[in-house]
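Each value in this text was obtained by applying a stated rule to the coordinates, not by laboratory testing. No experiment lies behind these values; they were computed from the predicted model shown. Methodologically, a virtual Cβ is constructed for each residue, glycine included, from the backbone with ideal geometry; neighbour enumeration extends over all protein chains shown.
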Amino acid sequence: MRTNKILPLALLGALVLAGCSDSSETAAVSSAAPADKKITVGFSVYDMQYEFFQKMAKGTQDAVAAKGWEIKLHDEKSDENEMVTGASALIDQGVDLLIISPFKPTALGPIIAKAKAKNVPVIVNDIGGGGTPYDAIVISDNAGGGKLAAEFMDKQIQANGSKSKNVASITCEPSATYAARRNAGFKAEIEARGYKVVAELSGNSKAEEGYKVMKDILSKNPDVAGVFSCNDPMGVAAGNAIKDAGKSPVTDIVTVGFNADPEALTAIKADLLSATVAQDPAAMGGLTVTLGEQALNKQPIAFSNAAEREVFNPVALIDKTNVGSVG
């Protein structure tokens, strides 16, 4: 269904535990922290130079403050060694709960082992868990976002009057396993609506490669009616490639990205991108604190995907009708 108005994403994040679980367990929500001491949360964050992680940190800090807890923030600065040494230092400093958005998920092993040895629950926020025994991982509903993109694209292609049923999909780098769910969700839904994905190429998450991939798609499939991109830098770049080819990335080829980055919101307003799918890193941060409290209190967590201990945070579609409400 096309989204003309969206709920505040922070509200959606608060609803996730009640609405997206495939587990038969129901989380018993408690706002009471253990009474014997003040809880200290350690948050090791991927890289604070990026707006996405700044918002994630703000959501985490606000949720911790609302509970009267304390927080120690560590910036990994996109460095594996900094991630391992810094997160380990937080555990050594006696934090009661560790939240981590890991630069290198495959290097989480010693961190998780150290935390478990000291009975410190670990909640992972985004990126990946590296196959380690964390207590829970929060990720955006990537497959659901791909489905939203397909639903929007179908309606816009019809509104544009296009007769073509050919669309394309630009993927992120192969190692981005969670992000790959976006394209998988898109493909499943768009094919269910009678379209054919005539090209599915990787832009390796980079704008310049997204531009080149889109030019290649246009040269081989000039009648393509829509393109979905795994992230916004590639989506905006694809829109620029379409414009440079003398077509509109809105009325000729429906162009949809993912993330709701500032550049994408600007492009939507300028008719250089049809839509994007918004993640909510602040709500994700708040959700990790909620899950951390449940882990501390030995309460069951309602997982969206119990096998991988995943909890999905909702996403929302942003187009010209509601882009003004996103800031």
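With a cap of 11 neighbouring Cβ atoms within 10 Å, and only residues DSSP puts in a loop, list the trypsin sites (Lys or Arg not before Pro) found in region 255-327. Could the numbers behind the result be given before it?
Numbers: sites: Lys269, Lys298, Arg309, Lys320; in loops: Lys298, Arg309, Lys320.
Hits after loop and neighbour filter: Lys298.
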Could you please state, rounded to a whole Å, how far the C-alpha centre of region 91-109 is from the C-alpha centre of region 151-179?
-> 36 Å
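If you stretched the chain out fully between Ala159 and Arg193, how much longer would it get, using 0.36 nm times the residue separation minus the C-alpha to C-alpha distance? Write out the running numbers ahead of the final one.
On the way: separation 34, 0.36 × 34 = 12.24 nm, distance 1.50 nm.
Once the chain is fully extended between Ala159 and Arg193, it gains 10.7 nm.
Where does region 142-278 land on the Kirkwood hydrodynamic radius, alpha-carbon pairs, in angstrom?
On the way: mean 1/r = 0.0721 Å⁻¹.
After inverting the pairwise mean of 1/r, the radius is 13.9 Å.
Over 30 Å between Cα atoms: which of Lys206/Lys298; Lys72/Lys298; Lys72/Lys206; Lys155/Lys215; Lys72/Lys320 fall into that group?
Details: Lys206/Lys298 42 Å; Lys72/Lys298 23 Å; Lys72/Lys206 32 Å; Lys155/Lys215 24 Å; Lys72/Lys320 39 Å.
The answer is Lys206/Lys298; Lys72/Lys206; Lys72/Lys320.
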With N residues in the chain, Rg(alpha-carbon) / (2.2 N^0.38 Å) equals 1.03
Could you order peptides 225-237, 47-59 by the average number of other Cβ atoms within 10 Å of their residues, highest first?
-> 225-237, 47-59
Taking amide H positions as placed 1.01 Å from N in the peptide plane, with prolines and chain starts having none, which residues 5 or more places from Leu273, or on another chain, fall under 5 Å of its amide H?
-> Ile268
Lys and Arg at +1, Asp and Glu at -1: add these up for the other residues within a Cβ distance under 12 Å of Thr40 and post the number.
-> +2
Taking a point 7 angstrom from the Cα of Ala113 along the C-beta vector, which residues in region 72-90 have backbone N less than 19 Å away?
-> 80-90
Determine which aspartates and glutamates satisfy two conditions relative to Lys243: a Cα distance under 19 Å, and not lying fewer than 8 residues away in the same chain.
-> Glu208, Glu209, Asp216, Asp223, Asp232, Asp252, Glu263, Asp271, Asp319
Proximal charge balance of Pro233 [Cβ under 10 Å; K/R count +1, D/E count -1] | -4
Which aspartates and glutamates have a Cα lying under 13 Å from the Cα of Lys212, excluding residues fewer than 8 positions away in the same chain?
-> Asp244
Given labels modelled 7 Å from the Cα in the Cβ direction, how far is it in nm from Lys37 to Gln299?
-> 2.1 nm
Report, to the nearest 10°, how far helix 207-220 tilts away from the longest principal axis of the Cα atoms in the chain, using its own Cα long axis and a range of 0 to 90°.
-> 30 degrees
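What share of the DSSP beta bridges in the chain is antiparallel, in percent to the nearest 5?
Working: 5 of 42 bridges.
Bridges in the chain are about 10 percent antiparallel.
For the ranges 201-212, 60-71, what's the packing order if you count other beta-carbon atoms within 10 Å of each residue, average per peptide, and put the highest first?
Numbers: 201-212: 19.2, 60-71: 17.6.
Ranked from most to least packed, the peptides come out as 201-212, 60-71.
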Rounded tilt (10° steps) of 80-92 against the dominant C-alpha axis of the chain = 30 degrees
Pull out a ≥ b ≥ c, the square roots of the eigenvalues of the alpha-carbon gyration tensor of region 150-221, then state rounded if a/c is under 1.5, prolate if not and a/b is larger than b/c, and oblate in the remaining case.
-> oblate
Expressed as an acute angle from 0 to 90° and rounded to the nearest 10, what is the orientation of the C-alpha long axis of helix 281-296 relative to the principal long axis of the chain?
-> 30 degrees
Sorted by mean Cβ packing within 10 Å, highest first, what order do the peptides 185-193, 139-147, 171-179 take?
-> 139-147, 185-193, 171-179
